[in-house]
Amino acid sequence: MFWLLALFAYLLGSLSFAIVLSLLSGTPDPRSSGSGNAGATNMLRLAGRKMAILTLLGDLCKGMLPVLLAHLAGLGLQAQAWIGLCAVIGHMFPVYFRFQGGKGVATAAGMLMALYFPAALLAIGAWLLTIYLTRTSSLAALIATPLTLPLLAWREPEALLPMTALTILIVWRHRSNLRDLFAGRERHF
């Protein structure tokens, strides 16, 4: 059951709502416009609030659903976390879109909401506070994601290894943003 759910999670994660919505609405492909990222933040820049919200909701749900199904199947917390990570990997490297996807932040948030809600609240709170103070989405993601690790280590240590892998992946996907942040060139809202 684990491997079936992991495959399902990857294939579901590969459905890029930003790309699909841009195709359906006739807005520019987010991979070749704006920041070049297939995610809600870039959709806000390119297509407006409605498309960004739809992208965010789709990305959240594709992170949540596989974890909830794994829970219903009776799999342990660590297996649920690995399955959720497969959805995030699908978002980052979607098989349907030549492996050109987003950075995985919203899908990871959905995964975390289903896995351990208090950690999701911590991450969302940190993300919102950082956005409010800096107006920089990438910095918000880079602060919010690692902040969950101490809480998980304390309350849900079974999820720590997959969540550490997730954090490393998200930081790696933001490597160009890190360069821009250090050079003072990162985009702000």
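The values are calculated or read from the model by the stated rules, or taken from the named source; none is laboratory data. It should be emphasised that the depicted structure is a prediction, and the values quoted were computed from it without experimental measurement. Please note that ligands, DNA and RNA were not included when accessible areas were found on the heavy atoms of the full protein model with its side chains. Shrake-Rupley method; radii C 1.70, N 1.55, O 1.52, S 1.80 Å.
Panel note: the C-alpha atoms of region 52-151, placed on their principal axes, show extents of 41, 35, 21 Å (largest first).
Go through Arg185, Arg175 and list them by solvent-accessible area, largest first, probe radius 1.4 Å. Intermediate results must be reported in sequence, preceding the final value.
Working: Arg185 150, Arg175 105 Å².
From most exposed to least exposed: Arg185, Arg175.
Accessible surface for the chain, divided over its residues, is 49 Å² per residue with a 1.4 Å probe.
Surface composition of the chain: carbon and sulfur make up 70 percent of the accessible area, probe 1.4 Å. Dividing the summed helix terms, -39500 (n - 2.57) for each DSSP H run of n ≥ 4, by the number of residues in the chain produces a 222 nm estimate of -24000 deg cm²/dmol to the nearest 500.
Compute log10 of I(q)/I(0) for the chain with the Debye formula, placing one identical point scatterer on every Cα and leaving out solvent, at q = 0.09, 0.14, 0.15 Å⁻¹, to two decimals. So the normalised log intensities work out to -0.29, -0.72, -0.83.
Cα centroid separation, region 1-62 to region 137-189: 19 Å. Taking the square roots of 5 times each eigenvalue of the Cα gyration tensor of region 1-79, largest first, gives ellipsoid semi-axes of 30, 11, 9 Å.
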